Structure formats: C-alpha cells, structure tokens
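The values are calculated or read from the model by the stated rules, or taken from the named source; none is laboratory data. It should be emphasised that the depicted structure is a prediction, and the values quoted were computed from it without experimental measurement. Cβ placement follows ideal geometry from the backbone for every residue including glycine, while neighbour counts extend to all protein chains displayed.
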Amino acid sequence: MTGALQERVLAYLRAHHVMTLATQGPAGPWAAAVFYASDGFTLYFLSAPATRHATELAAHARVAATIQDECADWAAIKGIQLEGEARELHGEQAERARAIYAEKFPVLGNADQAPAPIAAAFARIRWYRIVPDRLYFVDNSVRFGHRDQVIPAD
C-alpha cells in the first residue's frame, strides 16, 4: 500500500461518521448503522449490549462493515469495505475508546452536559472496537468497480 493511499483511507475514516456493521448469528446475517470514531484503522463504536449486533458479535467476533458517501451517480461511489474482529472493551480500553469517541463527538465528552436522552442512553452502553485485517477503498471515479486493497498495519 502506498503512503498516499493509506493517508487517503485514514482521512476518509476521519471525515465520516456512520458505518454499517454486519454480524452473523443464529437468525442469519444482520446489519446495523452505528456512529464510529477511528484511531488509525481501528474503529470504535458504542452500543447497548442487548442489541442484536452486540449479542451476535459477542458470540462471533468476525464482522464486516462499510462506510460510504450518499450519492445518486454510480461514478461518484466512494467508500470503504472492511472485515475484521470486533470485541467489547472494558476498563482502560473502554476509557480510551470513550476519549477517542469524544474527540469526534464532543457532546459525549462530558456525559453530565449531554442532553438528557443522550446521557441516559450513555449510561446503558458498552464500548466496542473493530480491528480490521482487510480493507478495500472503493472509488468509482477511477473506473466502475475500482477498489484498492489495504492491509492495515495497526
């Protein structure tokens, strides 16, 4: 992977906010949109532990996710497809996730000052981390179906 491609992918991750997380469980595949924050290629998100995606990743850590722009022209499609391992975080790792997330979403930096519904939800959530082992950057502006493979180093 070139340094330019790596920086382009990292900038894309920093500039976007929502990923679609795909999990697998006894009822079959599932997808859920979640807000995320990134540190390098590592993605952090929060969720209630009783959600379908959280219970499924607790049993099967292997996940896939996409992050993409909303567009109406196929030639404008850009985004990320990835696969990797997702885990619930505890202790210092959860606090680190919270700090990284708060940098991107300042309203969560201080739960005491967040709007009441967000503060109430924040009290019930858990922190999760996805470490991708394979990632593709899709860019149809190069040509239809063009994607570059990225092997994350972190």
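Filtered by the rule that a residue be part of a loop (DSSP other than H, G, I, E, B), in contact (Cβ under 8 Å) with a residue 40 or more places away in the chain and not polar (S, T, N, Q), region 120-145 gives 124, 125, 144.
The requirement of being at pLDDT 90 or above, closer than 20 Å to residue 54 by Cβ and surrounded by 13 or more Cβ atoms within 10 Å (Cβ to Cβ) is not satisfied by residue 91. Assessment of region 30-38 against the conditions (over 13 Å from residue 101 (Cα atoms), surrounded by 15 or more Cβ atoms within 10 Å (Cβ to Cβ) and of a type in the set (Phe, Trp, Tyr)) yields at least one matching residue. When each of 83, 92, 70, 56 is tested for being outside any helix (DSSP H, G or I), among the acidic types (Asp, Glu) and either without any contact (Cβ under 8 Å) to a residue 40 or more places away in the chain or over 13 Å from residue 24 (Cβ atoms) (or both), the lone residue that passes is 70. Of 14, 52, all but one fail to be within 24 Å of residue 137 (Cβ to Cβ) and of a type in the set (D, E, K, R); the exception is 14.
None of 121, 114, 99, 50 is exposed (fewer than 12 other Cβ atoms within 10 Å of the Cβ) and farther than 30 Å from residue 144 by Cβ except 50.
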